[in-house]
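The values are calculated or read from the model by the stated rules, or taken from the named source; none is laboratory data. Computed from a predicted model, the values in this text were never measured in an experiment. Cβ sites come from the backbone with ideal geometry, for glycine too, and all protein chains shown count toward neighbours.
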């Protein structure tokens, strides 16, 4: 998202998770900080023991093939869809404008700002649009689905209809499914064999391992060949290949994690509404809440060592990630109760 300013404080950098910046701005805040500024699952996939070779040897083709196979199965992509692994969905977001240049790019907004920033840096004309009809008329269309930060969902059939329209002009629809793991029935990854559809998936958000830097692009074989040429060899580390392959094959863990996230999202909604917020949207990994004193609530929480997200585009919004444990839940509840002297 774009950078924001808060009352009485300097602007914090655009992305969540910057506890280093928060510590500098609020040096007297209680430790440890609770980071609710991201949409990352607070319950990370348990790290397996790795063979020394994952660190001491260059990744080989078999390791990439094992990860690709696990990702294909987890994302429901059939054999005609090519799966490319890279260093996170963000790496692909920055690469796509260079590999598939376009003059006119339409983005279904308001949404994650990196898409617009990266296409604009390539010289493309950027239009933030509100309808799929407007999107379909561009050379490249971008949909974040579910959307960040409000959780808006575009139905798969509507995206496929848009893809078909864009295919008539050799256009490209990019669907960023970084928050799709716990709602796979809404994914269009299985249809990404045509030249006019490319799907991005994030590994780190649902699996709670963003530092691993792993993500995927799913697309036609022709587009995949161009992406692989741009990535070069060894685009993913040996540890990321091994952990990703194991985690993506673990259906039981993913089902359990989805259930836990849905339960915690409902609990967070109840806590926020009790504290005077209205729920404006979100996914099971983050909740978007509205409050007329959003900036003051952000400052109040930050002073108590709890980092959230506010948005210049929505001055009454605060986005909350999920607390990790009961201690974090208790600190959040206490901080919310103490706002405005309550």
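For this structure, a couple of remarks:
- Condition check for residue 318: without any contact (Cβ under 8 Å) to a residue 12 or more places away in the chain, over 27 Å from residue 47 (Cα atoms), surrounded by 15 or more Cβ atoms within 10 Å (Cβ to Cβ) and not assigned by TED's automatic domain parsing to the domain that holds residue 111: no
- Residues in the stretch 88-108 include at least one that is in contact with a strand residue (DSSP E or B) (Cβ under 7 Å, 6 or more places away or on another chain), more than 20 Å from residue 218 (Cα to Cα), in contact (Cβ under 8 Å) with a residue 24 or more places away in the chain and not in a strand (DSSP E or B).
- Whichever residue in the stretch 241-280 is in contact (Cβ under 8 Å) with a residue 12 or more places away in the chain and touching a strand residue (DSSP E or B) at 6+ places or on another chain (Cβ under 7 Å) and, among such residues, is surrounded by the fewest Cβ atoms within 10 Å (Cβ to Cβ): 278
Every residue, every condition in (1) closer than 18 Å to residue 113 by Cβ; (2) in a helix (DSSP H, G or I); (3) at pLDDT 95 or above, yes or no:
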residue: 14; (1), (2), (3): yes, no, no
residue: 20; (1), (2), (3): no, yes, no
residue: 23; (1), (2), (3): no, yes, no
residue: 39; (1), (2), (3): yes, no, yes
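- Summed over the stretch 241-252, the residues that are assigned to a helix (DSSP H, G or I) and touching a helix residue (DSSP H, G or I) at 6+ places or on another chain (Cβ under 7 Å) give a count of 7.
- Number of residues in the stretch 51-83 that are assigned to a loop (DSSP other than H, G, I, E, B) and either surrounded by fewer than 21 Cβ atoms within 10 Å (Cβ to Cβ) or touching a helix residue (DSSP H, G or I) at 6+ places or on another chain (Cβ under 6 Å) (or both) equals 11.
- The strands (runs of 3 or more DSSP E) falling completely within the stretch 126-240 include none with 3 or more residues that are at pLDDT below 95 and out of contact with any strand residue (DSSP E or B) (no Cβ under 7 Å at 6 or more places or on another chain).
- Test result for residue 21, farther than 23 Å from residue 179 by Cα, free of Cβ contacts under 8 Å to residues at least 60 places away in the same chain and touching a strand residue (DSSP E or B) at 6+ places or on another chain (Cβ under 8 Å): yes
For every residue, the table says whether it meets (1) assigned to a helix (DSSP H, G or I); (2) in contact (Cβ under 8 Å) with a residue 40 or more places away in the chain; (3) crowded, with 20+ Cβ neighbours inside 10 Å.
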position	(1), (2), (3)
282	no, yes, yes
289	no, no, yes
328	yes, yes, no
331	yes, yes, no
334	yes, no, no
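- Check on residue 306, in the same structural domain as residue 84 (by TED's automatic domain parsing), at pLDDT 95 or above and surrounded by 21 or more Cβ atoms within 10 Å (Cβ to Cβ): no
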